[in-house]
Amino acid sequence: MKLLAATTNPGKLREIRRILQPLGYEVIEPPEKIHVEESGFTFLENAYIKAKAYYEHFSMPALADDSGLVVDALGGYPGVYSSRFYSIDFGGREELKGSKDDANLRKLLRLMEGKENRSASFVAFVVLYMGGKGFFSRGECKGVIAEQPKGEGGFGYDPIFIPEGFSRTMAELSPEEKDGISHRGKALRALSELLKKCEL
Ligand code: ITT
């Protein structure tokens with residue numbers, strides 16, 4: 001089955017491909033960027049909005065992932081604001097020196113200074129939309145926020161997230177290790193099971 005990856009994030013695209021290809025899906029990169037207003041208040045709403053927008057623009061089954069880091073000591077932030085956390089009012093804006101990912105990490109570490117409870121979860125909702133029909137699933141990976149960034153792998157908040165059962169950050173894990181425990185890995189494998197049951 002051919003699926004269009006409804007994302008502009010190259011880190012996500014790489015992982016969606018890596019996880020779904022061995023399960024028999026061909027993951028297509030969008031031929032052009034489209035702008036989609038993520039106006040939802042939940043991961044599921046935003047994933048649905050993106051999948052539907054790509055389906056309507058490119059006329060093929062579209063798979064969206066809306067995900068983020070949910071930090072307990074910050075009342076669930078950055079959550080749905082994960083990709084633009086540096087720029088929102090909550091906790092004060094962070095200056096954009098270097099990449100967005102760096103600014104997001106700096107802001108999160110600043111807000112976590114002195115916090116004893118460092119527990120957090122990566123959460124992903126994935127939606128496959130194929131016109132009239134849609135399927136979704138969810139995946140979660142629990143862990144803690146590290147004191148300092150470490151590692152070169154992955155993307156986004158990976159250098160400051162230590163998954164449960166590990167003493168390394170997500171950015172220090174091999175791609176196979178990350179996919180085996182990640183929110184995205186869990187959500188996509190669950191979606192694949194669902195599609196099999198529906199004989200799709
Ligand atoms: P698209 O909407 O185009 O897919 P995006 O990056 O804006 O790209 P989201 O709105 O879903 O996607 O934001 C997800 C953000 O959450 C992402 O930019 C990272 O900052 C963070 N994130 C999600 N999954 C992650 C992962 O596996 N490792 C590290 N950070 C992750």
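Which residue out of Gly68, Gly76 is more than 13 Å from the ligand (Cβ to nearest atom) and within 17 Å of Lys107 (Cβ to Cβ)?
On the way: Gly68 fails: more than 13 Å from the ligand (Cβ to nearest atom).
Residue meeting the stated conditions: Gly76.
Conditions (1) part of a helix (DSSP H, G or I); (2) free of Cβ contacts under 8 Å to residues at least 12 places away in the same chain; (3) not hydrophobic (A, V, I, L, M, F, W, C), marked per residue:
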{"site": "Val36", "(1), (2), (3)": "no, no, no"}
{"site": "Phe41", "(1), (2), (3)": "no, no, no"}
{"site": "Tyr48", "(1), (2), (3)": "yes, no, yes"}
{"site": "Met60", "(1), (2), (3)": "no, no, no"}
{"site": "Gly68", "(1), (2), (3)": "no, no, yes"}
{"site": "Val80", "(1), (2), (3)": "yes, no, no"}
{"site": "Glu95", "(1), (2), (3)": "no, yes, yes"}
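Going through (1) surrounded by 16 or more Cβ atoms within 10 Å (Cβ to Cβ); (2) under 30 Å from Glu56 (Cα atoms) one by one, Glu140 falls short only on (1).
Out of all the residues in segment 3-11, is one or more under 23 Å from Ser119 (Cβ atoms) and assigned to a loop (DSSP other than H, G, I, E, B)?
Going through segment 3-11, the residues under 23 Å from Ser119 (Cβ atoms) turn out to be none.
No, segment 3-11 contains no residue that is under 23 Å from Ser119 (Cβ atoms) and assigned to a loop (DSSP other than H, G, I, E, B).
As a summary of the residue check, Ala53 satisfies the conditions (1) at pLDDT 95 or above; (2) within 12 Å of the ligand (Cβ to nearest atom); (3) assigned to a loop (DSSP other than H, G, I, E, B); (4) over 17 Å from the mean Cα position of the chain (by Cα) except for the one numbered (3). Please determine whether any residue of segment 131-146 is modelled with pLDDT of 95 or more, over 27 Å from Lys2 (Cα atoms) and not in a strand (DSSP E or B). Within segment 131-146 (the criterion being modelled with pLDDT of 95 or more, over 27 Å from Lys2 (Cα atoms) and not in a strand (DSSP E or B)), the answer is yes, since at least one residue qualifies. Residues in segment 28-37 include at least one that is touching a helix residue (DSSP H, G or I) at 6+ places or on another chain (Cβ under 7 Å), within 10 Å of the ligand (Cβ to nearest atom) and under 20 Å from Gly134 (Cα atoms).
Candidates in segment 27-50 are the residues that are polar (S, T, N, Q) and surrounded by fewer than 17 Cβ atoms within 10 Å (Cβ to Cβ); of these, the one that is nearest to the chain's Cα centre (by Cα) is Thr42.
Quick test for you: out of Gly24, Gly75, pick the one residue that is among the small types (Gly, Ala, Ser) and either crowded, with 19+ Cβ neighbours inside 10 Å or closer than 24 Å to Leu3 by Cα (or both). Of Gly24, Gly75, the one residue that is among the small types (Gly, Ala, Ser) and either crowded, with 19+ Cβ neighbours inside 10 Å or closer than 24 Å to Leu3 by Cα (or both) is Gly24.
Results for (1) surrounded by 14 or more Cβ atoms within 10 Å (Cβ to Cβ); (2) closer than 15 Å to Glu147 by Cα; (3) at pLDDT 95 or above, shown as yes or no for each residue.
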position: Val70; (1), (2), (3): yes, no, yes
position: Ser82; (1), (2), (3): yes, no, yes
position: Gly92; (1), (2), (3): no, no, yes
position: Gly98; (1), (2), (3): no, no, no
position: Lys107; (1), (2), (3): yes, yes, yes
position: Leu111; (1), (2), (3): yes, yes, yes
position: Ser121; (1), (2), (3): yes, no, yes
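The values are calculated or read from the model by the stated rules, or taken from the named source; none is laboratory data. Bear in mind the structure is a predicted one, so any value in this text is a computation, not a measurement. We place every Cβ from the backbone using ideal geometry, glycine too, and count neighbours over all the protein chains shown.
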